[in-house]
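Trainee: Quick one: this structure, given as structure tokens, is what I'll be asking you about.
The values are calculated or read from the model by the stated rules, or taken from the named source; none is laboratory data. Bear in mind that the values here come from a model prediction, so they are computed numbers and not experimental data. Counting neighbours? That spans all protein chains shown, and the Cβs are built from the backbone with ideal geometry, glycine included.
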Amino acid sequence: MTLADASYPDDLLYHDQHDWARLEGDEHAVFGVTWYAQDSLGEVVFYDAPEVGATISKDASYAEVESVKAVSEVIAPMSGEIVEVNDSLEDSPEKINEDPYGEGWLVKVKLTHPEERGALLDAGEYRKMLEKS
Amino acid sequence: MSEETLQRTALYERHAELGAKLVPFAGWEMPVTYEGIREEHSAVRTHAGMFDVSHMGEVEVEGPGAVAFLQRVLSNDVTKIEIGGAQYSCLCNEEGGVLDDLFTYRLGGDRYLIVTNSANHAADLAWLGRWSRSFDVAVRDVADRYAMLAIQGPHARAIVTAALRVELPLRMRVAPLRIGGRPALACGTGYTGEDGVELLIDPEISPAIWAELLDAGVVPCGLGARDTLRLEVCFHLHGNDLTPERNPIEAGLGWCCAEGTGFIGAEAVARARREGTAELLAPFKIEGAGIPREGNPVMRGDEQVGVVTSGTFSPSLEVGIGMAYLQADLAEPGNEVEIDVRGKRRPARIASKPLYQRKG
């Protein structure tokens, strides 16, 4: 397996449960899990995606990713409605390990509370949080 | 359990150097994986992998009463083990419940070595000690005397033979030999469904032997792959598939019980064999998506008909697999059930053993 190196891109916002959000305009965002999350979990073998149209709430679980040994709930960094899921992960869930911020994205969401971004961490703050833990 | 109390094997530093992910397991700090469970799993299926299983316990039983004593405590017919032979059996309580499952090796006329599961080692030792009092036998804890390396896979024997310049025993045999200039035992046994050996060696020289075998091309493997490998071939894990509340018959281990020997629990086991049990352990495969996990209910319609005791993603079959205790009449290969995986029903089919068939 090709593993991505540890990285936390500056253009993303982070949730302390190891999820990221990439804002697209004021009303949409793409979500995924951070490098730290996929590294802790190990090789992802299954992504249980939510349905398009499902409503998700900030700080609540909206999907599961599983490695051979463990299950991890994926926490929504912001609230909204799922408008797209990354179908390619059904056959290639390992993309979550290989490219967690690119091809390993999980869902695209229409935000219902865009102001929630204020509660998220920037890359520097997230890195600092990881260093402390 | 706090971290300070975790034990470390003599190979701990080696694991750390290799960048292993270390986790607490049965009171030990053990490598769960080095480079990834799937790669390690595949190395054992196609080449050769090496596991540090030094956490497992060893008990030596010696004396004129050794055979009679072991015949009393072990479920299998111990008189069938020749010198240099090995045998699998259960250690049962009076009710026929399985306290542990273990391998017994006959090292000499009245000298045997038992390998215990690490989580059960202390309790096994106390149990064996207690029952040994009415026999002319000594029961010794020799766990500190051995590091244990399991080298498994189609090329395992050839690599070990060449690298350590030793002659290895056949499958289900044990041989005393010298490794690294020290007395050692080589056992033709394993827990992966592949050919291979388990080496019991002096802990002091184990880091050097470990390094030598890595140089010879074996792939270091952690407990994660050990679990997926054993489950694919339906080997039991004590604590999951075997417990003191389950007897060997319902676990599908009637083949290693010889009730005629009068072992502790034999009456209960004989009754279970004669009358049948309410539940049976059965392997299954998920049909489609989903990974079953320990504790997941097995459903048929609205009725719970069983519970998963081991579940994982099978790297060889690339599908969720597991074993579950099921209502006995449902434990037939081909039967359809559903596994309730955290609220989602996953269709599954009861399969026959093993779930994965070794190539060649």
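Trainee: Are any of the residues in segment B:6-28 among the β-branched types (V, I, T), within 14 Å of chain A (Cβ to nearest Cβ) and touching an Asp or Glu at 6+ places or on another chain (Cβ under 8 Å)?
Mentor: Within segment B:6-28, the first condition is being among the β-branched types (V, I, T), and the residues that meet it are B:9, B:23.
Filter once more, keeping what is within 14 Å of chain A (Cβ to nearest Cβ): B:23.
Subsequent filtering for residues that are touching an Asp or Glu at 6+ places or on another chain (Cβ under 8 Å) retains B:23.
Yes, there is a match, as at least one residue in segment B:6-28 is among the β-branched types (V, I, T), within 14 Å of chain A (Cβ to nearest Cβ) and touching an Asp or Glu at 6+ places or on another chain (Cβ under 8 Å).
Trainee: Out of the residues in segment B:253-265 meeting the condition of being surrounded by 15 or more Cβ atoms within 10 Å (Cβ to Cβ) and touching a residue at least 40 places away in the same chain (Cβ under 8 Å), tell me which one is farthest from B:Q71 (Cα to Cα). Spell out how you get there, then give the answer.
Mentor: First, the residues of segment B:253-265 that are surrounded by 15 or more Cβ atoms within 10 Å (Cβ to Cβ): B:253-254, B:256-259, B:261, B:263-265.
Adding the requirement that they be touching a residue at least 40 places away in the same chain (Cβ under 8 Å) leaves B:253, B:256-258, B:261, B:263-265.
Working: B:L253: 17, B:C256: 12, B:C257: 11, B:A258: 9, B:T261: 6, B:F263: 6, B:I264: 9, B:G265: 12 Å.
Top of the filtered list is B:L253.
Trainee: Consider B:W131 against the criteria (1) farther than 22 Å from B:K80 by Cα; (2) touching a residue at least 40 places away in the same chain (Cβ under 8 Å); (3) in the same structural domain as B:E94 (by TED's automatic domain parsing); (4) more than 22 Å from the chain's Cα centre (by Cα): it satisfies all of them except one. Which criterion is unmet?
Mentor: (1)
Trainee: Checking the conditions here, which among B:V32, B:V67, B:V78, B:V53 is touching a Leu at 6+ places or on another chain (Cβ under 6 Å), among the β-branched types (V, I, T) and away from chain A (no Cβ under 14 Å)?
Mentor: Details: B:V32 fails: away from chain A (no Cβ under 14 Å); B:V67 fails: touching a Leu at 6+ places or on another chain (Cβ under 6 Å); B:V53 fails: touching a Leu at 6+ places or on another chain (Cβ under 6 Å).
Being touching a Leu at 6+ places or on another chain (Cβ under 6 Å), among the β-branched types (V, I, T) and away from chain A (no Cβ under 14 Å) holds for just one of B:V32, B:V67, B:V78, B:V53, which is B:V78.
Trainee: Does segment B:213-238 hold any residues that are outside any helix (DSSP H, G or I) and farther than 22 Å from A:S67 by Cα, and which are they?
Mentor: Of segment B:213-238, the ones outside any helix (DSSP H, G or I) are B:216-222, B:233-238.
Matches in segment B:213-238: B:A216, B:G217, B:V218, B:H238.
Trainee: Sticking with this one: Just checking, how many residues over segment B:246-300 are hydroxyl-bearing (S, T, Y) and either touching a strand residue (DSSP E or B) at 6+ places or on another chain (Cβ under 9 Å) or under 28 Å from A:S67 (Cα atoms) (or both)?
Mentor: Within segment B:246-300, the first condition is being hydroxyl-bearing (S, T, Y), and the residues that meet it are B:261, B:277.
Now restrict to residues that are either touching a strand residue (DSSP E or B) at 6+ places or on another chain (Cβ under 9 Å) or under 28 Å from A:S67 (Cα atoms) (or both): B:261.
Going through segment B:246-300 one residue at a time, the tally reaches 1.
Trainee: Of the conditions (1) in a strand (DSSP E or B); (2) of a type outside the set (S, T, N, Q); (3) within 20 Å of B:G190 (Cα to Cα), B:P24 clears all except one; give me its number.
Mentor: Failing condition for B:P24: (3).
Trainee: Can I ask one more? Spot the failing condition for B:D136; the list is (1) out of contact with any Lys or Arg (no Cβ under 9 Å at 6 or more places or on another chain); (2) assigned by TED's automatic domain parsing to the domain that holds B:G188, and only one is missed.
Mentor: So the condition that B:D136 fails would be (2).
Trainee: Are any residues in segment B:139-152 in a strand (DSSP E or B) and crowded, with 16+ Cβ neighbours inside 10 Å, and if so, which ones?
Mentor: Quick first cut of segment B:139-152, residues in a strand (DSSP E or B) only: B:139-141, B:147-152.
Residues satisfying the conditions are B:V139, B:D141, B:A147, B:M148, B:L149, B:A150, B:I151, B:Q152.
Trainee: Out of all the residues in segment B:316-360, which are in contact with a helix residue (DSSP H, G or I) (Cβ under 9 Å, 6 or more places away or on another chain), buried (at least 23 other Cβ atoms within 10 Å of the Cβ) and within 14 Å of chain A (Cβ to nearest Cβ)?
Mentor: Residues satisfying the conditions are B:I321, B:G322.
Trainee: Could you list all residues from segment B:291-310 that are under 11 Å from B:M323 (Cβ atoms), within 14 Å of another protein chain (Cβ to nearest Cβ) and of a type in the set (A, V, I, L, M)? Talk me through it step by step, then tell me what you get.
Mentor: Let us first name the residues in segment B:291-310 that are under 11 Å from B:M323 (Cβ atoms), namely B:292, B:294, B:298, B:306-310.
Those still in the list that are within 14 Å of another protein chain (Cβ to nearest Cβ) too: B:292, B:294, B:308, B:310.
Matches in segment B:291-310: B:V308 only.
Trainee: Taking the options A:G102, A:G118, A:G53, name whichever one is away from every other protein chain (no Cβ under 14 Å), in a helix (DSSP H, G or I) and free of Cβ contacts under 8 Å to residues at least 40 places away in the same chain. Break it down into steps so the answer makes sense when it comes.
Mentor: On the way: A:G102 fails: in a helix (DSSP H, G or I); A:G53 fails: in a helix (DSSP H, G or I).
Criteria check complete, one pass: A:G118.
Trainee: Can you name the strands (runs of 3 or more DSSP E) wholly within segment B:159-201 that have at least 1 residues being surrounded by fewer than 21 Cβ atoms within 10 Å (Cβ to Cβ)?
Mentor: Once the strands (runs of 3 or more DSSP E) in segment B:159-201 are filtered for at least 1 residues that are surrounded by fewer than 21 Cβ atoms within 10 Å (Cβ to Cβ), what remains is B:174-179, B:182-187.
Trainee: Would you check which residues across segment B:167-214 are small (G, A, S) and more than 17 Å from B:V44 (Cα to Cα) and list them? Show your work before the answer.
Mentor: Filtering segment B:167-214 down to residues small (G, A, S) leaves B:175, B:180-181, B:184, B:186, B:188, B:190, B:193, B:196, B:206, B:208, B:211.
Matches in segment B:167-214: B:A175, B:G180, B:G181, B:A184, B:A186, B:S206, B:A208, B:A211.
Trainee: Let me ask you something else. Tally time: how many residues in segment A:14-41 are buried (at least 22 other Cβ atoms within 10 Å of the Cβ) and within 14 Å of another protein chain (Cβ to nearest Cβ)?
Mentor: Here the count works out to 1.
Trainee: Next up: So which residues in segment A:59-89 are closer than 13 Å to A:V107 by Cβ, in a strand (DSSP E or B) and either within 12 Å of chain B (Cβ to nearest Cβ) or of a type in the set (G, A, S) (or both), if there are any at all? Please lay out each step first, then the result.
Mentor: Initially, segment A:59-89 is screened for residues closer than 13 Å to A:V107 by Cβ, giving A:61-65, A:74-89.
Filter again for in a strand (DSSP E or B), leaving A:61-65, A:74-75, A:80-85.
Answer for segment A:59-89, where residues must be closer than 13 Å to A:V107 by Cβ, in a strand (DSSP E or B) and either within 12 Å of chain B (Cβ to nearest Cβ) or of a type in the set (G, A, S) (or both): A:S61, A:A63, A:E64, A:V65, A:G80.
Trainee: Which numbered condition in (1) surrounded by 15 or more Cβ atoms within 10 Å (Cβ to Cβ); (2) over 30 Å from B:E94 (Cβ atoms); (3) without any contact (Cβ under 8 Å) to a residue 24 or more places away in the chain is the only one that B:A270 fails?
Mentor: All conditions are met except number (2).
Trainee: Testing B:F69 on (1) farther than 24 Å from B:I201 by Cα; (2) surrounded by fewer than 22 Cβ atoms within 10 Å (Cβ to Cβ); (3) touching a residue at least 60 places away in the same chain (Cβ under 8 Å); (4) outside the structural domain of B:H155 (by TED's automatic domain parsing), one condition comes back false. Which one is that?
Mentor: B:F69 satisfies all of (1) farther than 24 Å from B:I201 by Cα; (2) surrounded by fewer than 22 Cβ atoms within 10 Å (Cβ to Cβ); (3) touching a residue at least 60 places away in the same chain (Cβ under 8 Å); (4) outside the structural domain of B:H155 (by TED's automatic domain parsing) except (2).
Trainee: Name the residues in segment B:323-346 that are more than 18 Å from B:G295 (Cβ to Cβ) and part of a loop (DSSP other than H, G, I, E, B), would you? Don't jump to the end; show me each part of the working.
Mentor: Looking only at segment B:323-346, we keep the residues that are more than 18 Å from B:G295 (Cβ to Cβ), and these are B:328-336.
The answer is B:A331, B:E332, B:P333, B:G334, B:N335.
Trainee: Can you name every residue in segment B:79-95 that is outside any helix (DSSP H, G or I) and of a type outside the set (G, A, S)?
Mentor: Pass one, segment B:79-95, residues outside any helix (DSSP H, G or I): B:81-95.
Passing the criteria: B:I81, B:E82, B:I83, B:Q87, B:Y88, B:C90, B:L91, B:C92, B:N93, B:E94, B:E95.
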